[in-house]
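Single-structure report; data block below.
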Amino acid sequence: MIRFATALFVGAAAALPAYAEVDIQTVTSPGGIDAWLVEEHSLPFVAIEIAFTGGTSLDVDGKRGAVNLMTGLLEEGSGNLDARGFARAKEALASSFGFSAGPDQLTISARFLTENFDESVALLRDAMQKPRFDDGDIERVRAQVLSNLAFDAKDPNDIASKTFATMAYGEHPYGTVEAGTPESLAALTRDDLLEAHRNVLVRDRVLVGAVGDITPEQLGALLDAVMGDLPQSGAMMPPKIEPQIKGGTTVVEFDTPQSVALFGQRGIAVDDDDYFAAVLLNQILGGGSFESRLMQEVREKRGLTYGVYSYLSSRNLANAYMGSVSSANDRIGEAIEVIREQWRLAAQDGVTEKELQDAKTYLTGAYPLRFDGNSTIAGILVGMQLIGLDADYIKTRNERVESVTLEDVKRVAGELMEPDALHFVVVGKPEGVVSE
Amino acid sequence: MMRYARTALLSAALMPAVAFAQTSPESSGKVTDFVLDNGMQVVVVEDHRAPVVQHMLWYRAGSADEPKGSSGVAHFLEHLLFKATDKLEAGELSATVAANGGRDNAFTSYDYTAYFQRIASDRLELMMTMEADRMKNIRLTPENIATERKVVIEERNQRTENNPQALFGEQISAAQYLNHRYGTPVIGWMHEMEELDLEDALSFYETYYSPNNTVLVVSGDVTPDEVRALAEKYYGPIPANPELPERLRTEEPRQNAERRVIFRDARVAQPYISRSYLVPERDSGAQETAAALTILSEILGGGTTSFLTEKLQFDTQVATYSATGYSGVSLDDTTFRIIMVPADGVSLEEGEAALDQALAEFTKKGVDAEQLERIKLQIRASEIYAQDNVDGIANRYGSALTSGLTIEDVQAWPDILDAVTAEDIMQAATLLRREASVTGWLMRPEQGEAQ
C-alpha cells in the first residue's frame with residue numbers, strides 16, 4: 001500500500017501549496033539608505049542583517065588580515081564603553097549583535113526586543129561608527145586570530161582549502177587566507193584597522209534586510225542612526241578572476257588516518273541564463289541529498305565515505321564548481337575514481353527525465369521551507385540583494401526552476417562539466433594516489 | 001570577541017539550553033500533549049506563520065542503553081533504519097521526503113535516538129505512514145550491514161580519528177565515568193564498531209523500538225486534533241511491547257580521586273586544558289540543583305563578562321580563550337566542563353594554576369548581583385526569541401522527555417531558573433569537587449618523540 005500512497009503524493013507534487021506570503025517592502029531612509037523589510041508584528045522583537053559588500057577582499061596591499069581583525073573588534077568597545085562595558089550593556093538589553101567578515105561581505109546580524117529598541121539602536125550605532133580599537137583589545141583579539149591560524153594550519157580541511165585557493169586564485173584575495181598570515185597579522189597597527197573600517201563600512205556598498213516588529217518609518221530612522229555618518233564610498237573592489245584550475249591531483253602529505261579531498265573546476269555565474277539548469281544538474285549530481293548520484297555511488301553502494309557533496313561556488317568575483325569527500329587513506333583512491341567517472345558520465349549523457357523531475361520537486365518544495373524565522377529571513381533578504389535579485393524574485397523563483405528542460409540540463413552538463421579539468425587536492429596519506 | 005573556531009565547537013556541544021519557551025496561547029509556541037493507548041507520548045508545538053511542519057520521533061534508547069561490547073550499535077541501527085522495510089525499498093523513505101520537497105535525517109545521543117522530517121504541512125500524513133512502518137518492519141540484508149558499517153567507520157574517522165580534540169574529549173569522558181556507559185562514545189569504539197553485525201542491530205531494534213518507548217513531537221502549522229487523528233491512525237495500531245525493559249543503568253560510585261589525562265598528538269596546533277566534573281543532572285520534580293549549575297556555568301564562563309574571562313583574559317592575559325559548559329538534560333549524572341586555552345608563552349601547568357586560582361577567588365568572592373540580574377533578564381528574553389523557532393522548542397521537549405523529564409518539568413524550568421539565588425549558585429559551586437574531576441592536557445609530543 002505504501003508504494004501506492006507514495007506515488008499518489010509524488011503525482012500531486014506539481015500542485016504544491018501556495019506558501020506563506022513573504023511580503024517584502026523596499027524602504028528608503030530620509031537620509032537615502034535603502035533596505036528591504038518584512039513586517040511581522042506577532043513577536044515583540046526585530047532581526048536586522050546588514051552587509052557591506054567587499055568584505056575581506058578589500059584588504060589593502062600588505063595589510064592582509066586587517067578587515068578580519070577590525071571586524072572582530074567592532075564589539076570590543078565603542079563610544080564611551082570599553083569592551084566589558086559594551087558586553088554588559090548588550091546583556092542588560094538582552095540584545096545580540098554578531099559581526100563577521102567573509103571574502104564577499106562584512107555582515108552584522110542584530111536581534112533586539114522591541115521594548116529596548118532605542119537603546120539597542122544606540123549601542124549598534126556606536127559599534128558601527130565609533131569603535132575604539134583600544135590597544136589592549138587589539139592585542140587580545142589578535143592573539144585569538146593567531147591561535148585560530150595555528151589551528152587551521154593543522155586541520156586537513158583547512159589545508160585542502162588553502163592549497164586549492166592558492167592554486168586557483170594565486171595573489172588575488174580569493175587565493176590567500178583572509179585572516180592573514182602570522183607575519184601580516186603581527187604587523188597590523190591601529191591605523192590599519194581604522195583604514196580598514198573606512199574602506200569597508202561605507203554607504204554605497206550596504207545591503208539591509210529587516211524582519212519583525214518594526215515599521216518602515218522606524219526602520220528608516222534606524223538606518224540613518226546607525227549608518228548616517230559612515231563615509232559614502234570606500235576602497236576599490238578587486239577585479240573579477242577566472243580560476244586557474246587544470247586537471248590532475250595534488251597530494252599534501254599529512255599524517256592522519258582519513259584523507260580529505262577537495263575537488264573543483266571552473267563554475268558558472270548566478271546571473272548566467274543557464275544558472276538554474278546548473279543548479280538542477282548539481283542537485284542531481286551531488287547536491288547534498290541522499291539521492292544524489294555521488295552519495296549513491298560513493299556512500300550507499302560502496303560505503304567509501306560518510307559524506308560526499310558538490311556545490312556551485314558562485315561568488316562576487318569568481319565562479320567555481322567544487323566538491324568534497326573524505327575516506328580512509330586506503331580507500332580515498334577508489335572514492336576519487338568513482339567521482340571522476342560520475343563527472344564523465346554526467347558531462348557525456350546529462351541526466352534522466354525522472355532525475356530532473358525529482359530534483360525540480362525537491363528544489364521547488366524546499367524553497368519555501370527556508371523562510372522559517374525572522375533572523376533567517378533577514379539573512380535571505382540580504383543574500384538576494386547581494387546577487388542582484390529583485391524583491392519579487394521569491395514569487396517567480398520556482399517558475400524559473402520549473403522552466404528548465406531536460407535538453408537545457410544536457411546542454412549545460414556538456415558545456416559546464418570538464419572531467420579532464422577536474423582537479424583534486426588530497427590531504428592525508430592516501431594510498432596509491434600521487435600528484436600529477 | 002572573535003569567534004573561536006575550534007574550541008568553540010567543543011563548547012557549543014556543551015552549551016546549556018538556557019530556557020524553554022513558555023506556553024503562550026495567543027502566539028506561536030503553544031504546546032499540547034497527550035498519550036496514545038499504546039503508550040506513545042505525543043507533543044504538539046504550534047506555529048501557524050508558515051505552512052511547514054517538523055515531524056520527529058524520539059526513542060528512549062541511546063548509546064548508554066547498549067549491551068556491553070556492542071558500542072555504537074544504537075547509532076549503527078539509526079543508519080540502518082534508512083534501508084528497506086516490508087513496504088519501502090532501501091533509500092525510498094528519504095527519496096520520498098525529497099520528492100515532496102522535504103528533508104529528513106536522524107541523530108543518536110547517549111539517551112535517545114531521533115528521526116525527523118521537515119516538510120510542507122499537508123504532507124504530515126505521508127511522513128507518519130513511513131515512520132510508523134519502519135518502527136517495526138525493517139528488512140536488513142548482510143550487504144546492508146557490510147556497506148553501512150563501512151559508512152559509520154568513515155563517520156568515526158571524520159568526526160573523531162581525524163580530530164585530536166575529539167579523541168582527547170573521548171579519553172576525558174572515559175576517565176570521568178568509572179561505572180557508567182556515558183564513558184563510552186556514542187559512535188562507538190573503533191574495535192567494537194568493526195564487529196557490529198546484523199544480530200546486534202536487530203536485537204537492539206527488537207528490544208527498544210516500540211510505541212511505548214517513544215515520544216512523537218510535531219511542530220509547526222498543525223493543530224493538536226489533526227496530529228491526534230493521524231497518530232491514532234498510523235501509530236495507534238502498533239501494539240506496545242510489554243517486555244520493554246526498565247531503564248536501569250549501572251550508577252557511578254562516589255568518586256574519590258582526581259584524575260589526569262595527558263593526550264599527545266603531533267596534529268595538535270594549540271595545546272589546551274579541559275576540566276570535567278561529575279555533577280547532577282535535571283531530575284524530574286527536583287531541578288533546582290541543575291538550575292543553579294546552569295546559571296553557575298553562565299556566571300563562570302558564559303562570555304565576555306563572565307568571571308573566568310575577566311580573570312584570565314582581562315585582568316591577566318594568561319588565556320586566549322576560556323569557556324564553561326553544562327547541560328542538565330541527561331538521564332543520569334552528567335558533567336560540568338571548563339576549557340582554557342593558555343596564551344602564547346603560558347605553559348599548561350601555569351594555565352591550570354591560574355584557572356584554579358580564579359576558581360578559588362570565585363568561591364571567596366561570590367556572585368555579582370548585577371551579573372546575576374543580567375543573566376536572568378537574558379533568560380527571560382530567550383523565551384521570546386525561542387518562539388521564533390518552534391523546531392527548537394520541539395527539540396527541547398524531545399530531548400527532555402527521553403531523558404527522564406516530564407512536560408511539567410520542561411514548563412516549570414524557566415521559573416525554576418528565575419528563582420535561583422546567589423546562595424544556590426555558591427552551593428552548586430561546591431559540587432565541583434576536585435575528587436570527582438578529570439583534568440586533561442592536550443599537547444604536542446614531547447621533544448624527541450615527535451615521530
**Item:** Breaking point among (1) within 30 Å of A:Asp255 (Cα to Cα); (2) out of contact with any strand residue (DSSP E or B) (no Cβ under 9 Å at 6 or more places or on another chain); (3) at the interface with another protein chain (Cβ under 7 Å from one of its Cβ atoms), for B:Gln158
**Value:** (2)
**Request:** Grab the helices (runs of 4 or more DSSP H) fully contained in the range A:136-206, keeping just those with 2 or more residues being within 21 Å of the chain's Cα centre (by Cα) and more than 26 Å from B:Pro164 (Cα to Cα).
**Result:** A:156-169
**Complete:** Listed by first then second residue, the pairs whose first member lies in the range A:143-165 and is facing chain B (nearest Cβ under 7 Å), whose partner is assigned to a loop (DSSP other than H, G, I, E, B) and at pLDDT 95 or above, with beta carbons under 6 Å and at least 6 positions apart or on separate chains, are A:Val145/A:Ala179; A:Lys154/B:Arg267; A:Pro156/A:Phe254; A:Pro156/A:Thr256
**Prompt:** Out of all the residues in the range B:217-228, is one or more part of a loop (DSSP other than H, G, I, E, B), surrounded by fewer than 20 Cβ atoms within 10 Å (Cβ to Cβ) and more than 26 Å from the chain's Cα centre (by Cα)?
**Reply:** yes
**Fill in**
Selection from the range B:100-113 of residues within 9 Å of chain A (Cβ to nearest Cβ) and either surrounded by 24 or more Cβ atoms within 10 Å (Cβ to Cβ) or farther than 22 Å from A:Lys301 by Cα (or both) yields B:Asn100, B:Gly101, B:Gly102
**Asked** Taking the range B:234-265, which residues are more than 13 Å from B:Phe168 (Cα to Cα), of a type outside the set (Ser, Thr, Tyr) and within 14 Å of chain A (Cβ to nearest Cβ)?
**Response** B:Pro237
**Asked** Within the group B:Leu57, B:Leu124, B:Leu77, B:Leu88, which residue is in contact (Cβ under 8 Å) with a residue 12 or more places away in the chain and part of a strand (DSSP E or B)?
**Response** B:Leu57
**Fill in**
Reported set for the range A:288-308 where residues are facing another protein chain (nearest Cβ under 9 Å) and aliphatic (A, V, I, L, M) is A:Leu304
**Request:** Report yes if some residue within the range B:376-396 is in contact with a Ser or Thr (Cβ under 8 Å, 6 or more places away or on another chain), within 11 Å of chain A (Cβ to nearest Cβ), acidic (Asp, Glu) and surrounded by fewer than 23 Cβ atoms within 10 Å (Cβ to Cβ); otherwise report no.
**Result:** yes
**Request:** Could you please find all residues in the range B:324-363 being over 18 Å from B:Ser173 (Cα atoms) and among the hydrophobic types (A, V, I, L, M, F, W, C)?
**Result:** B:Val341, B:Ala343, B:Val346, B:Leu348, B:Ala353, B:Ala354, B:Leu355, B:Ala358, B:Leu359, B:Ala360, B:Phe362
**Matching residues in the range B:409-423 - criterion: being in contact (Cβ under 8 Å) with a residue 24 or more places away in the chain and either assigned to a helix (DSSP H, G or I) or within 14 Å of chain A (Cβ to nearest Cβ) (or both)** = B:Asp409, B:Val410, B:Gln411, B:Ala412, B:Trp413, B:Pro414, B:Ile416, B:Leu417, B:Asp418, B:Ala422
**Message:** Return the pair list, or none, for Cβ contacts closer than 6 Å from residues in the range B:315-326 that are at the interface with another protein chain (Cβ under 10 Å from one of its Cβ atoms) to residues that are in a helix (DSSP H, G or I), at least 6 apart or on different chains.
**Reply:** B:Ala319/B:Leu312; B:Ala319/B:Gln313; B:Thr320/A:Ala143; B:Thr320/A:Gln144; B:Thr320/A:Ser147; B:Tyr321/B:Thr7
**Message:** Would you confirm whether or not the range A:319-326 contains a residue that is in contact (Cβ under 8 Å) with a residue 40 or more places away in the chain, buried (at least 21 other Cβ atoms within 10 Å of the Cβ), within 9 Å of chain B (Cβ to nearest Cβ) and under 26 Å from B:Val151 (Cβ atoms)?
**Reply:** yes
**Fill in**
Exactly one of A:Val298, A:Val308, A:Val270 is under 20 Å from A:Met417 (Cα atoms) and without any contact (Cβ under 8 Å) to a residue 40 or more places away in the chain, and that residue is A:Val308
**Item:** Residue match in the range A:264-287 (condition: at pLDDT below 95, within 22 Å of the chain's Cα centre (by Cα), within 14 Å of another protein chain (Cβ to nearest Cβ) and buried (at least 17 other Cβ atoms within 10 Å of the Cβ))
**Value:** yes
**Asked** Here are some conditions: (1) assigned to a loop (DSSP other than H, G, I, E, B); (2) surrounded by 23 or more Cβ atoms within 10 Å (Cβ to Cβ); (3) not basic (Lys, Arg). A:Asp229 meets all but one. Which one does it not meet?
**Response** (2)
**Request:** Would you be able to say whether some residue in the range A:352-363 is farther than 25 Å from A:Ser109 by Cβ, among the polar types (S, T, N, Q) and not in a helix (DSSP H, G or I)?
**Result:** yes
**Message:** I'd like to verify a number: residues in the range A:28-71 that are surrounded by fewer than 24 Cβ atoms within 10 Å (Cβ to Cβ), within 14 Å of chain B (Cβ to nearest Cβ) and not acidic (Asp, Glu), how many?
**Reply:** 5
**Item:** Residue check for B:Glu349: more than 23 Å from B:Val279 (Cα to Cα) and at pLDDT 95 or above
**Value:** yes
**Message:** Between a residue in the range B:249-276 that is within 24 Å of B:Glu66 (Cα to Cα) and any residue that is aromatic (Phe, Trp, Tyr), which pairs come within a Cβ distance under 7 Å, given they are 6 or more apart or on different chains?
**Reply:** B:Glu252/B:Tyr177
**Request:** Inspect all residues belonging to the range A:38-46 and state whether any of them is in a helix (DSSP H, G or I) and at pLDDT 95 or above.
**Result:** no
**Item:** Matching helices (runs of 4 or more DSSP H) fully within the range A:369-436 where at least 1 residues are surrounded by 17 or more Cβ atoms within 10 Å (Cβ to Cβ) and within 14 Å of chain B (Cβ to nearest Cβ)
**Value:** A:374-386, A:393-402
**Request:** Restrict the check to the range A:342-358 and report whether at least one residue is in contact with a Pro (Cβ under 7 Å, 6 or more places away or on another chain), over 30 Å from A:Gly54 (Cα atoms) and buried (at least 21 other Cβ atoms within 10 Å of the Cβ).
**Result:** yes
**Among the residues listed as A:Phe276, A:Phe254, the single one being out of contact with any Pro (no Cβ under 6 Å at 6 or more places or on another chain), not assigned by TED's automatic domain parsing to the domain that holds A:Asp104 and not hydroxyl-bearing (Ser, Thr, Tyr)** = A:Phe276
**Prompt:** Only one of these conditions is not met by A:Phe151: (1) more than 30 Å from A:Ser435 (Cα to Cα); (2) touching a helix residue (DSSP H, G or I) at 6+ places or on another chain (Cβ under 6 Å); (3) surrounded by fewer than 22 Cβ atoms within 10 Å (Cβ to Cβ). Which number is it?
**Reply:** (1)
**Message:** I'd like to verify a number: residues in the range A:245-261 that are within 14 Å of chain B (Cβ to nearest Cβ) and either free of Cβ contacts under 8 Å to residues at least 24 places away in the same chain or outside any loop (DSSP other than H, G, I, E, B) (or both), how many?
**Reply:** 6
**Item:** Selected residue [under 20 Å from B:Leu198 (Cβ atoms) and assigned to a strand (DSSP E or B)] from B:Ala106, B:Ala114
**Value:** B:Ala106
**Message:** Being among the hydrophobic types (A, V, I, L, M, F, W, C) and touching a Pro at 6+ places or on another chain (Cβ under 7 Å) is the filter here; which residues of the range A:24-75 pass it?
**Reply:** A:Val27, A:Leu37, A:Leu73, A:Leu74
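The values are calculated or read from the model by the stated rules, or taken from the named source; none is laboratory data. Model, not experiment: these values are computed from the prediction. Ideal geometry is used to build each Cβ from the backbone, glycine not excepted, and the neighbour counts take in all protein chains shown.
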